[in-house]
1. Count, please, the residues in the stretch 211-243 that happen to be under 12 Å from Q253 (Cα atoms) and either part of a helix (DSSP H, G or I) or not assigned by TED's automatic domain parsing to the domain that holds T170 (or both).
2. Taking the stretch 227-255 as the search range and keeping residues that are touching a residue at least 60 places away in the same chain (Cβ under 8 Å) and more than 17 Å from E162 (Cα to Cα), which one is surrounded by the most Cβ atoms within 10 Å (Cβ to Cβ)?
3. Does any residue of the stretch 79-95 turn out to be part of a helix (DSSP H, G or I), at pLDDT 85 or above and not acidic (D, E)?
4. Could you tell me whether D172 is more than 17 Å from R251 (Cα to Cα) and in a helix (DSSP H, G or I)?
Amino acid sequence: MHLASRSRTSKLGSLASTRSGGSIYGSPGGSGPLLRAGLLVLAVIVLLVLVARNCTGSDGSEDDDFQNSVTAGVASIDPDIVVTFEGDKTVTLSGEVTDENTYLNAESQAVLAGAEEVNNEIVVVASGSFSSADPAVAGALQTAIDEAVEAAPITFQSGSSELTEESTATLDQIAAFISGSAGGTVLVVGHTDNVGTPEGNLEISEARANSVRVYLVDAGVDPLRINSEGRGDTEPIADNETEEGRAANRRIQFIVQ
């Protein structure tokens, strides 16, 4: 009896041991593999989120790097040049410099830093490289420019500094006159009528004069030979009370120096 009792106890213990270490609680097929699989899936998800965030630049770091790179590159040429950003990879440069190399190198730096489009509105201020033209030469150049403008005035899209297509032919003529002249500089002056505020009129007159200067430089005029400024509505040549007078006051003036 004693031996039989020990035998049954041993079998029951063996059965319990088999159940506790089998497929119900342990490996294979138990909760252990499921837990490890869950942790693996979680790790993969975290990794994918990090990779996606880095690739898409969701924190804006890619744009920041581009803008910082352009700003630093242009500043290495001339720290006074103003850099503004418009949309994706479009850069506008403005300000005044004293030589053509700075004008060109600033644009090159922006391109090297990743800019896809550069609007170079930098003004090259004459620094004495060109003296005033001989009076006879200056007079001939002034007459040629005045006649071209009188025949086909410089005009702009309504309310903007964008040149009309008709004006480009006149400016091409003027560019040829300046480049073919023996020295001297030309000042492009923008004027407006008195509609609007004095501040707004001054701003649009400056922008329009600069658009003309930029076009002439692109057409081959040495940047050292041409400058621009705006005078708003302060120098009318006709009565602002009539439409004809206001139209006459909205003009671009060229002064040969």
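1. 2
2. F254
3. Within the stretch 79-95, none of the residues are part of a helix (DSSP H, G or I), at pLDDT 85 or above and not acidic (D, E).
4. Judged against the criteria, D172 is a match.
The values are calculated or read from the model by the stated rules, or taken from the named source; none is laboratory data. Since the structure is predicted, the reported quantities are computational estimates derived from the model, not experimental observations. Cβ atoms come from the backbone with ideal geometry, glycine included; neighbour counts cover every protein chain shown.
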